[in-house]
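Chemist: Questions regarding the structure given below will be posed in turn.
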Amino acid sequence: MAIDQGGKQVSNPRSEATNYDEELSRIDASIADLKNREIQYAAERSQLEAKIQAAKLQRDILAHDNSKMTARKLSKKRKKKKVKRPRARAEERKLNGLFGLIHLMSALLPSNLRGRYIEEWRGELYDMRMEGAPWRNCVIQVVVIALQAVPRLAVTLRQAVRKTVD
Amino acid sequence: MSYVPRLTEQTVAVLRAMLAAPTTPRWGRDIANETGLKSGTLHPILARLEQAGWVVSAWEDPAEHEDAGRPRRRYYQFAPGGAEAARCAIATVVAPTKSSPVGRLRPQLGH
């Protein structure tokens, strides 16, 4: 910009042309710089993508191995349970079979109280099992109930009935 | 019907176990564990106490045993006045053995 005689600013076409050249060259330089940066970023991006791919692959492999291991552990546990279950069931079946002895002997009890005591003894046996009593002890308990508790109780209850009648 | 039940050693043991917490309902196995009595002895005793009117029994609340997934229990508890009657009876049973001179009378040797 130049200043005329009246003090007003007047534009100089030559100086403007030099200014634009500078500006253009600066813009060109910045474009080149940005392109360079873009190339760098593209290179970095491709590197990162490759790294992500590698990490995903590693993760997939580990997840697969992990699922295999957990499956193996579970199958081991199941196998153990499978070994235990039939035995426990067989024991329960035997116990129920033995409980038939109590049912048989309970014919000695007055009919109105028979069900009550059978249920009570069944509960006691269940408690014994839950307390971790060995199966043999449960069998002994059943035999004791059938051969000792039932006859004694029958005598007690029938004596009481006789007393009320008298 | 109420009468004074025969107070054997085992009956006294059962009553003592129940008197430890007179208002708490107890089930058969619980009492058996505390007294060391077998089922064959315990149930006739409980039946006698029930007939005497000292003890009452009732099935437990279905909600409790269904939640626990086990068979229901029969709970035994002192009837109103049962605990006092049991205490008096135990006192009369225990007292003579301590104070009675009968146990101390023995024939003297040489007479």
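Chemist: Which length gain, in nm to one decimal place, applies between A:SER67 and A:VAL144 when the Cα-Cα distance is subtracted from 0.36 nm times their residue separation?
Modeler: 22.5 nm
Chemist: What percent of all Cα-Cα pairs in segment B:9-105 falls into each 5 Å bin, going from 0 up to the bin containing the maximum distance?
Modeler: The calculated distribution, bin by bin, is 2, 12, 21, 21, 16, 11, 7, 4, 2, 1, 1, 0, 0.
Chemist: Same structure again: Please work out the FRET efficiency for the pair B:ILE90 and B:GLU60, using the Cβ-Cβ distance as r and a Förster radius of 30 Å; give the result to the nearest 0.05.
Modeler: Step by step, r from the Cβ atoms, then E = 0.65.
Chemist: Could you calculate the contour length gain from A:ARG93 to A:ASN36, that is, 0.36 nm times the residue separation minus the distance between their Cα atoms, to one decimal place in nm?
Modeler: Fully extending the segment from A:ARG93 to A:ASN36 adds 12.2 nm.
Chemist: First measure r as the distance between the Cβ atoms of A:LYS51 and A:LYS76, then evaluate 1/(1 + (r/R0)^6) with R0 = 30 Å and state the FRET efficiency to the nearest 0.05.
Modeler: Approximately 0.20, to the nearest 0.05.
A short reminder: the numbers here are calculations on the coordinates, not readings from a lab. Everything numeric here is computed off the predicted structure, so don't read it as measured data. As a convention, Cβ positions derive from the backbone with ideal geometry for all residues, glycine included, and neighbour counts pool all protein chains shown.
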